[in-house]
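A.B. asks: What follows is a single structure, and I will ask about it in a moment.
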Amino acid sequence: MTADRSVLPRQCRGQAGMPHEAPHTAPPCCAGPDRENHSGKDSTGSDAGSDAEGQRNQAVFTPDGLTARAMGISCAAACNPACSDPELRRLLTASGISAWQTDRLREVLALAAEASPYYRQALQGVDPASISARGGLHRLPLLHADVLRRAPLSLLCTSQDDVARVVTLDTSGTSGRPKRLFFSEEDLNATVEFFSWGMLSVGHPGDTVLAVLPGERPASVGRLLGTALENAGMRSVAGNMGQGAPALARLAHTEKAAVIVGSASHVRHLALAWQQAGYDPGSIHTVLLCWDSVPPAVAGLIRRIFGCRVLVHWGMTETGLGGALGCGHQGLHLREADLLAEVIDPVTGTPLPDGQEGELVITTLRRRTMPLIRYRTGDLARLLAGACPCGSPLRRISPGRGRTGEGITLPDGGSLYPADLDNILLPLAGLHDFEACWQPWAGTPLQITLYPAPAAGTDRTLRQQAEKALADSPLPAALTRHGGTMFHVARTAPQAGFGKRRIRVIPQGTPPLNSGESYHEQLP
Ligand SMILES: [Zn+2]
């Protein structure tokens, strides 16, 4: 697959700033983004609270311009991401976006009902004209991930010749079959375009960006981001956690990275190594956290070490990798040119009002090869009501603690998610990483293996710190009541891959773990 490198409009590429050009030769209409306005203390994009108030970035949130362009709106900001054209505020409105989404939605419904064997049956009797982006969606059936495992080809609306990339997602599910998704060249280019414009809200032309993301396969997120950065006039440096955090920190330092992109857990490792190496804070102005959940305490640690702002991106393969991007205020702005989002009750499937947490459901609006209509993402989130202080009319989501089914159910009915433990334990500087497993049928249901950082103190000190952090946390008391938590310290940390963090549930019948012993699942 070769992604189109001309995703920024040709007439804009000069203004967007290629690597050797003056980065901000914006057209006369533009004030240009306020490059100096990095507060150094933006929000994490989660509900940790927005502390960017009073230090607002006056520049247009660049995905706004991209949305305007997709909608055929003619204004300078729809041509040039570096442009703060005030016309955009007048022309791009929430109601306009909603009306445009309704038109795209009806087109997708008509196409799917005609061309896809699955949707032909699922959408029988549905009149697209009776459905709009903000009304009647509940009359459409929900699409379960299981269809992507059992019969992904039945969702295709075009010939298989149009498929440029097949993504096979191995999941921790028990079905045994991976999910399969099919993307056309056009779909991949749309992702590159979203990344390009999005990164121009994160960094600036001329910046070097260190991306710690999977990038080995063609059209993987790392490769697509690399192309997007090049198109945006930024320099891309690829990093891999396999190199080790000290080597990555050295790489960021020698390459003079201004932006780091990666998961919260990986960037935390990098930040601690950066600190230990004694590198000066200040050269990195923004960290973009993505890929996995972002515990506020980890975002805070990263922000403190680098003295930078921390932004968040949410996305998944099913959304075409790009999904929603934080602007520095509360929540993440959705990629509304491509996605229609809803939140439902994960048990009943009933739509939930804005502000209420549930399962995020998405409908793709411009994909023709394999459209997803009311796809249950499994991710917990809520839609935020009201306007964002940044001025963007794009709706916002606030990601929840994780995915449905990812948390463990506590004896009192409460729940515990991997992100909860990350939030409690990962701020400990002496901790390299940890693993948690849950065996509710045993005397000690939660066992946590601590892996000390190289320069950590004694095992005993680390264990005491972890015990105190857990005791001071708002974790449900039931966890403590039901046998408590056992900590032990191990010296050999597992290789940090790109797998999502989770709490391992050990099946009944497995002998209880002893201190220092790890549990390894048997793979089928
Ligand atoms: Zn905003």
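The values are calculated or read from the model by the stated rules, or taken from the named source; none is laboratory data. Quantities reported herein were computed from a predicted structural model and do not represent experimental measurements. Positions of Cβ are backbone-derived with ideal geometry, glycine not excepted, and every protein chain shown enters the neighbour counts. Side chains are part of the model used for accessible areas, which takes the heavy atoms of the whole protein and leaves out ligands, DNA and RNA. Shrake-Rupley method; radii C 1.70, N 1.55, O 1.52, S 1.80 Å.
A.B. asks: How big is segment 408-472 by Rg and Dmax over its Cα atoms, in Å?
C.D. replies: Both quantities, over Cα of segment 408-472: 12.6, 39 Å.
A.B. asks: Now for a separate question. If you take every residue apart from G407 with its C-beta less than 10 Å away from the C-beta of G407, what net charge results, scoring Lys and Arg +1 and Asp and Glu -1?
C.D. replies: On the way: positive: R401, R403, R502; negative: E406, D420.
Net of charged neighbours comes to +1.
A.B. asks: According to the square roots a ≥ b ≥ c of the eigenvalues of the Cα gyration tensor, what is the shape class of segment 180-232, taking rounded for a/c under 1.5, prolate for a/b larger than b/c otherwise, and oblate for the remainder?
C.D. replies: Details: a/c = 2.65, a/b = 1.52, b/c = 1.74.
Here segment 180-232 falls in the oblate category.
A.B. asks: Related question: Using θ = phi - 60° and the Karplus curve 6.51 cos²θ - 1.76 cosθ + 1.60, what whole-Hz ³J(HN,Hα) does each residue of segment 448-465 get, with Gly and Pro shown as x?
C.D. replies: 10, 9, 9, 10, x, 5, x, 9, 5, x, 6, 4, 5, 4, 5, 5, 5, 4
A.B. asks: Could you do me a favour and compute the accessible area per residue for segment 334-454, 1.4 Å probe, result in Å²?
C.D. replies: Values: 3590 Å² over 121 residues.
Dividing the accessible area of segment 334-454 by its residue count gives 30 Å².
A.B. asks: Which net charge results for the neighbourhood of P452, defined as the other residues with beta-carbon distances under 9 angstrom from its beta-carbon, given Lys and Arg at +1 and Asp and Glu at -1? Write out the running numbers ahead of the final one.
C.D. replies: Details: positive: R491; negative: D459.
Neighbourhood net charge equals 0.
A.B. asks: Can I ask one more? If you scale each eigenvalue of the Cα gyration tensor by 5 and take the root, what three semi-axes come out for segment 368-476, rounded to whole angstrom and sorted largest first?
C.D. replies: Details: eigenvalues 235, 78, 43 Å².
Working through the eigenvalues yields semi-axes of 34, 20, 15 Å.
A.B. asks: Now, a different point. With θ taken as phi - 60° and the coefficients 6.51, -1.76 and 1.60, list the Karplus ³J(HN,Hα) couplings across segment 262-272 in order, rounded to whole Hz; mark glycine and proline as x.
C.D. replies: For segment 262-272, the Karplus curve yields x, 6, 4, 5, 5, 5, 4, 4, 4, 5, 5 Hz.
A.B. asks: Also, I was wondering about something else. Across the Cα atoms of segment 74-191, what radius of gyration and what greatest pairwise Cα-Cα distance (Dmax) are found, in Å?
C.D. replies: Every Cα atom of segment 74-191 included, Rg and Dmax give 18.0, 52 Å.
A.B. asks: When a/c is below 1.5 the answer is rounded, else prolate if a/b is larger than b/c, else oblate, so apply that to segment 172-298 with a ≥ b ≥ c taken from the square roots of the Cα gyration tensor eigenvalues.
C.D. replies: Working: a/c = 2.09, a/b = 1.31, b/c = 1.60.
The shape class here is oblate.
A.B. asks: When the Kirkwood hydrodynamic radius is evaluated over all pairs of different C-alpha atoms of segment 234-388, what value in angstrom, to one decimal, is obtained?
C.D. replies: Numbers: mean 1/r = 0.0585 Å⁻¹.
One decimal place: 17.1 Å for the Kirkwood radius.
A.B. asks: Oh, and also: At a threshold of 8 angstrom on Cα-Cα distance, excluding pairs fewer than six apart, so keeping six or more, what relative contact order does segment 348-449 reach in percent? Display every interim value, and only then the final one.
C.D. replies: Working: 123 pairs, mean separation 16.4, N = 102.
Relative contact order for segment 348-449 comes out at 16 percent.
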